[in-house]
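As structure tokens, the structure follows; a few thoughts come after it.
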Ligand code: CMC
């Protein structure tokens with residue numbers, strides 16, 4: 001029996017007591033699982049605006065206060081002090097690794113960084129115009145064909161987790177090399193996770209690539225900041241697909257496809273395209289903001305607003321600082337950074353955005369940083385996917401290991417025709 005209950009009175013006078021579940025950060029939820037059996041009612045919550053789909057011990061967000069923590073540790077501390085590999089371990093295993101655990105984990109990631117040579121043929125089959133997200137999702141899904149023991153739900157999951165975490169990085173870099181017609185560059189074991197990715201992206205057989213330590217740091221930070229965000233669209237997709245018993249490659253491939261949409265991970269690409277539009281059409285930020293407010297062309301200010309954050313996204317704060325540091329260090333200037341700053345300032349003073357609590361989100365500055373380190377625009381969402389991988393894996397693992405997991409199967413309120421007869425084709429008007 002729960003300590004607290006909520007009482008719901010229906011219009012026919014019936015009353016039900018529903019248990020109240022309280023989280024470790026004192027979040028309260030009404031457990032409505034018995035509602036349908038007790039009353040015949042279901043709940044309706046389009047877009048899952050206020051539905052807790054699961055209990056989870058991975059990530060805590062307080063959107064009103066702008067707080068994000070992985071396994072209890074503030075995102076700002078992880079971005080400053082951790083690496084992507086260490087943060088991935090934390091998310092997946094629940095604790096920061098000891099020095100030995102971190103060395104072993106890193107070694108495993110290095111050991112599994114190659115992709116099966118036969119998979120290289122797939123790249124040749126895609127048209128050169130393919131979006132790399134389409135290629136990435138197809139390749140990740142194909143991994144289940146190369147490691148078929150993943151189909152055994154009782155087989156150990158550790159090896160698959162390491163494989164997917166390591167190989168997605170290689171697959172992503174190879175997809176880029178193929179898209180520009182360059183030979184693929186194999187991973188180098190001596191490099192760290194992020195440095196190795198940069199090597200596979202930018203080295204050519206005739207010339208090695210020596211990663212700049214600040215660029216490696218920026219990449220680590222970007223991936224850490226994207227690593228998890230509790231029950232977002234793609235993570236919910238991973239959990240939903242995984243709840244049917246589908247293997248981890250299938251579940252993650254589905255997550256990649258969900259991430260692709262412009263309202264989710266595709267926003268970082270759209271932000272840069274939007275900034276380019278503003279810049280090439282004369283840089284009139286005020287007019288752009290005013291068009292958005294008038295809902296002209298149904299456009300949104302990309303990189304602004306969030307379902308959960310009703311305050312400045314803490315990830316955007318870290319990235320804004322990193323953008324300044326990196327541009328200084330590389331000695332480059334990008335007019336898009338100036339447009340972004342001007343746009344942010346204009347929006348944060350404007351009643352439309354203030355009233356709706358629309359602040360910059362993680363995607364507002366991430367695209368500009370990716371651009372500065374040479375990542376081409378169509379690869380931005382791939383970078384988001386690479387970052388989000390540990391989160392997807394951690395949620396998939398949490399769900400698989402939870403004995404109370406049930407296949408995800410929402411209800412609906414039917415709003416179609418009532419029963420009617422089939423009409424012969426000659427009698428239809
Ligand atoms: N620009 C202009 N107006 C906006 C924006 C925006 N970026 N975002 C929300 N609004 C308005 C919206 O038009 C609506 O106004 P009204 O009340 O007049 O109809 C109001 O704010 C509420 O919007 P909503 O669509 O009900 O809010 P939501 O919580 O369903 O949407 C969102 C969240 C992220 C989809 C939305 O803010 C958006 O489309 N932002 C731009 C896309 C973007 O940057 N996405 C990346 C999100 S962060 C990365 C991730 O976690 O995936």
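Where a number appears in this text, it was derived from the coordinates with a stated rule and is not lab data. Predicted model, so just to flag it, every value in this text is computed and none were measured. Here Cβ is always computed from backbone atoms with ideal geometry, including for glycine, and neighbour counts include all displayed protein chains.
Here are the numbers for this structure:
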quantity	calculated
Relative exposure of 365, 41, 414, judged by other C-beta atoms within 10 Å (fewest first)	414, 41, 365
Label-point separation in nm, residue 81 to residue 26, each point 7 Å along Cα→Cβ	2.6
Reference-scaled alpha-carbon Rg (2.2 N^0.38 Å with N residues) for the stretch 75-405	0.99
MRE, 222 nm, helices only [DSSP H, n ≥ 4, -39500 (n - 2.57), over the chain, to nearest 500]	-15500 deg cm²/dmol
Label-point gap, in nm, between residue 153 and residue 96 - each point 7 angstrom along Cα→Cβ	3.7
For the stretch 215-297, the fraction of alpha-carbon pairs in successive 5 Å shells from zero, as %	3, 13, 14, 17, 14, 13, 13, 8, 4, 2, 0
Separation of alpha-carbon centers, the stretch 19-48 and the stretch 59-86, rounded to whole Å	27
Segment residue 49-residue 33, length gained on full extension (0.36 nm per residue, minus Cα span)	4.0 nm
Cα Rg, Dmax, the stretch 279-339, angstrom units	14.4, 39
Cα pair distances in the stretch 176-219, grouped into 5 Å bins until the bin that holds the longest one, percent each	5, 25, 32, 22, 14, 3
Over the stretch 284-429, volume per residue of the alpha carbon convex hull, in Å³	261
Orientation-averaged projected area, Cα convex hull of the stretch 5-52 (nm²)	3.9
Rough spin-label spacing in nm, given labels placed 7 Å along Cα→Cβ, for residue 5 and residue 57	2.9
Residues residue 425 and residue 342, FRET efficiency given R0 of 60 Å [Cβ-Cβ distance, rounded to 0.05]	0.50
For peptides 11-18, 334-341, 200-207, sequence by mean Cβ density within 10 Å, most packed first	334-341, 200-207, 11-18
For peptides 108-117, 276-285, sequence by mean Cβ density within 10 Å, most packed first	108-117, 276-285
Degrees separating the helix 158-179 axis from the principal Cα axis of the chain, which is the longest one	60
Alpha carbon centroid spacing (whole Å) that separates the stretch 386-411 from the stretch 307-359	32
For the chain, built as a Gaussian network whose Cα springs stay under 10 Å, the top-fluctuating residue of 332, 215, 248	332
Degrees separating the helix 363-372 axis from the principal Cα axis of the chain, which is the longest one	20
Degrees between helix 314-330 axis and first principal axis of the chain (Cα, 0 to 90, nearest 10)	10
Descending Cα extents along the principal axes, the stretch 80-198, whole Å	45, 36, 21
Burial ordering of 60, 89, 422, fewest other beta-carbon atoms within 10 Å first	422, 60, 89
